[in-house]
Structures are given as C-alpha cells and as structure tokens.
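Data first, discussion second: the structure below is written as structure tokens.
The values are calculated or read from the model by the stated rules, or taken from the named source; none is laboratory data. What you are looking at is a predicted structure, and each value in this text was computed from that prediction instead of being measured. For neighbour counting, all protein chains shown are included, and Cβ atoms are generated from backbone atoms with ideal geometry for every residue, glycine included.
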Amino acid sequence: MSGRPGTDAALVARSKAGELEAFDRLVMRHRSRLYGIARQITGESDAAQDVVQEAFVNAFRSLGALRDGERFGQWLNTIVRRQALAWVRDGDRRPETLSEAALWGIPSATWDTGPDAPTDVVERVRESLGALTHRERRAMVLHYLEGFTCEEIAAKLGVSAGGVKRILHDSRRKVRREVVEMAEAEKERRGPRRLRAWIDGSVWPGRWNVSDHLRPGLAQAVCLAVNKEARTAEEIAARVEAHVEYVREVVSDLVEMTVLTSPKRGKYLASFIAFDAEDRRRLMQMVPEPAAQVAERFAAAEGRLRAAFEKTPLAASGWAWDDVIWVMYAVIVANAGVSRCEGVGYLRPWPDRPGGGYYWLGGHEDVPGLPSVWTTGLNCSLSSTGAHTGTFWTWQIEREWAATTSSGADRSAIFGLLAEAPRAEPEIVELVEGRAEEVRSALADLVKLKMARPRNGKYELGIPLFSRAESDVLTPEVDALVKPAVAEIVIPALRGVDSLLDEMGYGHWREQYPEWHCWLGHNISGEALHYLMEQGVLPRPGKPVPPDFATLAWERGIDLMW
C-alpha cells in the first residue's frame with residue numbers, strides 16, 4: 001500500500017517510481033533524527049553528517065528491497081546505526097573519544113538516561129572514560145556493541161584472545177573504580193541543592209533585583225525545599241541542614257520579594273514552579289522529537305527567508321544575509337515568530353513585583369547530567385522613544401563580556417539618535433543632555449559593545465535596524481513558516497504537559513501552567529536552532545561570541561516583533 005499522500009509509504013512509492021523530489025522530502029523529514037543517532041555513536045559532528053549522507057545514498061540504492069514503506073524510518077535508523085558503528089570500528093578514522101552514551105547503551109547523554117538513573121550518572125561515566133586507553137575503548141565497542149567474540153577482536157587488535165579478555169576485564173574494573181572514587185569525592189564536595197532560575201518579564205535594578213536575592217546557595221536550597229509542600233522554618237532548616245535563624249532571615253527576605261508565599265500561618269511555599277532534577281529530566285523528554293521536526297521546516301525555508309530579506313531596504317543598505325542569519329532565525333523566527341503564533345500565548349499581565357518589577361519566575365534544580373536544552377531567550381537592553389534593541393540568549397552560548405562605565409540613560413539616548421540617522425560626534429554631544437565627557441564615554445561604550453560604529457566621519461548603528469518596511473516584507477513569510485509549525489508540531493507535542501505537571505506534584509500552581517507551555521515551546525524552537533547549527537544551516541559561532549552576536553534593533557510597534 002502506498003498510504004495517504006505525504007506519508008512515508010506514499011513518498012517511498014513515488015521514490016521507487018523515480019521521483020527524486022519525493023526522496024528529497026524523505027531526506028528533509030528524517031535527517032535531523034538520523035544525525036542525532038549518528039552523532040551519539042561517532043561522537044563527532046562532521047563524522048555524523050558524513051554517516052547520514054552515506055546512509056541516504058545507500059538507502060536510495062536499496063529502496064527496491066524495502067517492502068513496507070511505513071517502516072522507512074526504522075529501516076533508515078538501522079542503516080545509520082550500522083554505518084556509524086562501522087565508522088567507529090575503523091581504527092584509522094576513529095575519534096579520540098567515543099560517545100559515552102553509545103558505549104554504555106545510554107539512549108543519549110544529551111537527553112535522558114532513563115527514569116531510574118541517578119542524576120549525575122552521565123557526568124560520572126563521561127569522566128570515568130578518561131581512564132581508558134584507545135585500545136580499551138575499541139575493545140569495549142567491538143565486544144559490547146558489535147557482539148564480536150574475543151577471538152575475532154584479537155585478530156583486529158593484533159593480540160591473543162586471552163589478551164582481549166584481560167583488556168575487557170581491566171577496562172570494566174577501571175571504570176567501576178573511577179565511578180566509585182568520583183561518587184565518594186562528590187559526597188565530600190556536595191553542598192546545598194542548587195537552583196537555576198530564570199525570569200520572563202522586567203526586573204528592576206538595585207535593591208529589588210530578584211536575581212541578587214536568589215544568588216546565595218541557601219536561598220536556592222530553601223526554594224527547592226518548599227517547591228511542592230509548604231513547610232515551617234524549622235522544617236526547612238532540617239531539610240537544608242542549616243541553622244534555623246539563618247533560614248528565617250532568608251525566608252523573610254524571599255517573602256518580601258514574593259519568591260515565597262505563606263499559604264498558612266508559619267508555613268512557606270515557593271511562589272513559582274521550581275522543578276526537582278528528575279522532574280526537569282522528564283519534562284525535557286518532550287522536547288527533542290518535535291524540535292527535530294521544527295528544524296526540518298526551518299531548514300527547508302532558508303531560501304524563502306533569504307529571498308524575502310533581500311527585498312528589504314536593510315539589505316539594500318549593505319546588510320548581507322550572512323550578517324543577519326542568526327538574527328533572522330534565533331530572534332525573528334524562533335522567538336518573536338513563535339511567540340506571535342503560539343496558540344496558548346504568554347500569561348497576561350505579568351505579576352507586579354516589589355519595587356516596580358513585573359515578571360514570571362521559573363527554575364529547576366541544577367545538578368550534573370541534566371539535559372542541556374537550548375531556549376530562545378531575548379534580552380532587551382537599550383530602548384528609546386522610537387526603537388528597542390534585543391539580543392538572543394541561551395545558556396549554551398557564552399557571550400564576550402564588555403565592561404562599560406557610562407550611564408545606561410546616555411547610551412539609550414545616543415542609540416535613539418542613531419536609530420534616526422547617522423550623526424557626527426559634535427552633533428551627538430549637543431543633542432544629548434549631560435556633560436560632554438559623559439556623552440563621549442557613552443558613545444565609546446556603544447562602539448565597544450558594537451552597537452555603534454564610525455563611518456565616513458559619523459557614527460551609525462552597528463546592528464541591523466528592522467523598520468516597518470522590513471516588517472511588511474518579512475512578517476508574512478515568517479508567519480507562513482511558523483504558524484503551521486506551531487499548530488502542527490509544537491502545540492500537539494505539549495498536550496500532555498498539564499497532566500504531567502499534576503502528576504509531578506505542582507498542581508497548586510496550575511494557573512502558571514500556560515507559561516510553561518510557552519517556555520517549553522521556546523525550548524523546542526531553541527533546540528531546533530541547535531540542530532540547524534549542527535547541520536551547518538546556521539554558522540557555528542565562536543567561543544565566546546562577540547557582544548553584537550544575534551543582536552538587532554527594531555522600530556516600536558512593528559508586527560515583525562510581536
């Protein structure tokens with residue numbers, strides 16, 4: 001049976017009939033997942049891409065042997081695994097470090113180690129493999145993954161069968177010893193439970209900056225101690241192993257910041273969802289599959305996005321596609337586009353906070369071995385009456401830090417002037433209220449941050465400014481890409497979130513669940529960006545990235561940015 005149009009079975013049937021376009025669609029549909037399998041086994045990005053490419057070539061040649069087109073995906077999985085393992089077996093091409101997940105049969109060190117695995121098992125296995133030699137790792141792969149006998153391995157390694165047995169025995173013992181030693185060392189250095197918190201909204205600086213109040217380890221441990229159940233100060237002190245008077249001081253501070261609430265007199269509860277490590281692990285299992293599907297759609301649309309951008313005044317002014325590709329994908333598509341098209345939408349309004357801030361809080365216990373999942377954060381910095389600036393942010397990209405000494409108000413004022421037109425320094429000094437040396441210092445800081453640059457005796461913006469003209473051209477193209485991706489992939493993938501959160505024990509904050517739909521949606525689009533980078537669609541940024549990486553300015557009120 002060929003199946004419904006667009007299914008694997010239908011596309012396989014058309015491919016067998018000689019339609020190359022149908023096979024191209026199969027490649028686009030499955031390549032992200034196959035890349036993940038190959039990367040897991042080979043441990044190298046370039047090798048994984050080569051393996052997947054070779055697998056598709058072999059699959060096309062052997063397509064006639066596939067009887068059930070609906071099993072095309074499983075059939076491809078088998079081909080990729082075999083070829084990746086063959087790549088590993090080849091001692092001349094084998095990387096120095098084998099993927100630990102592949103060696104030990106862990107599904108993926110990036111995503112999940114199983115519900116019963118300790119939270120730091122992946123990190124310990126990763127470190128323990130450093131104790132094995134190249135020959136020991138290769139013997140382990142051949143025996144435990146490939147199923148070769150000791151005699152067969154002996155022929156490949158040029159040693160006796162008895163020698164292979166000794167290698168395997170010594171390797172197992174060495175790894176066990178390393179893991180035990182690291183576990184003991186971990187007990188010695190383990191401190192209070194750590195919380196990784198994040199914020200959606202606006203935080204006031206100074207006394208009311210909630211990030212400063214959550215920075216101490218005791219404050220983080222207190223939040224995690226009351227993330228599901230209200231407790232007294234004495235009960236919290238016992239759980240975090242701290243003196244009750246210290247705990248009372250921290251609790252009082254966090255209550256004032258509305259980080260904790262007191263549902264019953266003398267008892268305290270976190271006012272936001274702070275996930276235990278294992279809950280976070282389970283939640284992140286919902287991300288990789290839809291992320292791979294979204295990445296396929298984003299990758300297929302690159303030509304259309306590029307063509308649309310090249311019609312804008314911004315392109316006509318000299319900005320090239322390569323200059324803005326990260327801005328387009330990470331901010332305009334994966335952040336603003338997803339936010340605009342997401343069915344649930346952000347909670348409105350943000351809760352008012354002490355000191356004038358307004359934001360939602362979220363977080364999770366931070367332990368080694370948790371999934372390292374990208375997101376699509378946007379940090380807004382400078383703002384004027386006519387324009388804003390924003391910078392793409394995710395935990396996994398380290399940004400070059402540039403110290404500034406000038407006033408943020410002066411920098412915003414200069415930015416607003418440059419958003420209108422390039423200007424010479426004397427004109428800037430004249431138009432910005434303040435002492436001339438302070439204005440010059442702010443201008444120098446903008447240049448250091450690469451937000452401004454000198455050109456032909458004047459200063460202009462150093463980042464792309466998206467105006468209403470760009471919005472009119474790009475918004476229809478972005479929405480045509482993002483709306484169906486959100487409706488057909490992201491929203492269906494998150495239908496089980498509410499019941500999962502209830503099961504985990506966070507039902508007391510059900511009104512916050514919609515915010516988690518949005519955050520998980522941005523995890524999905526963030527991981528899609530990660531896949532696009534691994535596949536070469538997005539250029540791999542440096543370490544650290546420069547201050548202006550994936551940074552843009554936009555006119556207030558344009559549809560493109562919400």
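What to note about this one:
- Any hit, region 434-448, residues being in contact (Cβ under 8 Å) with a residue 40 or more places away in the chain and either within 27 Å of residue 200 (Cβ to Cβ) or not β-branched (Val, Ile, Thr) (or both): yes
- Hey, residue 431 in contact (Cβ under 8 Å) with a residue 12 or more places away in the chain and surrounded by fewer than 20 Cβ atoms within 10 Å (Cβ to Cβ) or not: yes
- Here residue 414 passes the criteria (1) aliphatic (A, V, I, L, M); (2) within 21 Å of the chain's Cα centre (by Cα); (3) at pLDDT 95 or above except the one numbered (2).
- In this structure, residue 534 qualifies as charged (D, E, K, R) and either under 16 Å from the mean Cα position of the chain (by Cα) or not assigned by TED's automatic domain parsing to the domain that holds residue 331 (or both).
- Selected residue [surrounded by fewer than 19 Cβ atoms within 10 Å (Cβ to Cβ) and modelled with pLDDT of 95 or more] from 215, 304, 239: 304
- Where residue 542 falls short, out of the listed (1) touching a residue at least 24 places away in the same chain (Cβ under 8 Å); (2) not in a helix (DSSP H, G or I); (3) not β-branched (Val, Ile, Thr): (1)
- Long-range neighbours under 9 Å by Cβ, at least six apart or interchain, first residue assigned by TED's automatic domain parsing to the domain that holds residue 531 and farther than 30 Å from residue 261 by Cα within region 273-302, second polar (S, T, N, Q) and assigned to a loop (DSSP other than H, G, I, E, B): 288/110
- Residue count for region 308-325, restricted to those that are outside any helix (DSSP H, G or I), touching a residue at least 12 places away in the same chain (Cβ under 8 Å) and more than 13 Å from residue 462 (Cα to Cα): 2
- Selection over region 50-77 of residues that are in a helix (DSSP H, G or I) and either in contact with a helix residue (DSSP H, G or I) (Cβ under 7 Å, 6 or more places away or on another chain) or outside the structural domain of residue 17 (by TED's automatic domain parsing) (or both) gives a count of 16.
- Elements of the type strands (runs of 3 or more DSSP E) sitting completely within region 362-457 and holding at least 1 residues that are touching an Asp or Glu at 6+ places or on another chain (Cβ under 7 Å): these cover 387-393, 452-455.
- Listed by first and then second residue, the pairs with beta-carbon distance under 9 Å, at least 6 apart or on different chains, first residue in region 44-72 and farther than 27 Å from residue 534 by Cα, second charged (D, E, K, R) and in a helix (DSSP H, G or I), are 63/16; 64/16; 66/16; 69/8; 69/16; 70/8.
- Residue match in region 234-254 (condition: closer than 18 Å to residue 359 by Cα, of a type outside the set (Ser, Thr, Tyr) and touching a strand residue (DSSP E or B) at 6+ places or on another chain (Cβ under 7 Å)): yes
- Number of the exception - residue 454 against (1) over 24 Å from residue 542 (Cβ atoms); (2) more than 32 Å from the chain's Cα centre (by Cα): (1)
- Residue pairs meeting the criteria (Cβ under 6 Å; at least 6 apart or on separate chains; first under 18 Å from residue 404 (Cβ atoms), in region 382-393; second of a type in the set (Asp, Glu) and not in a strand (DSSP E or B)): none
- Checking region 475-498 against the condition returns no match, with no residue being in a loop (DSSP other than H, G, I, E, B) and among the hydroxyl-bearing types (Ser, Thr, Tyr).
- Assessment of region 270-282 against the conditions (in a loop (DSSP other than H, G, I, E, B) and surrounded by fewer than 18 Cβ atoms within 10 Å (Cβ to Cβ)) yields no matching residue.
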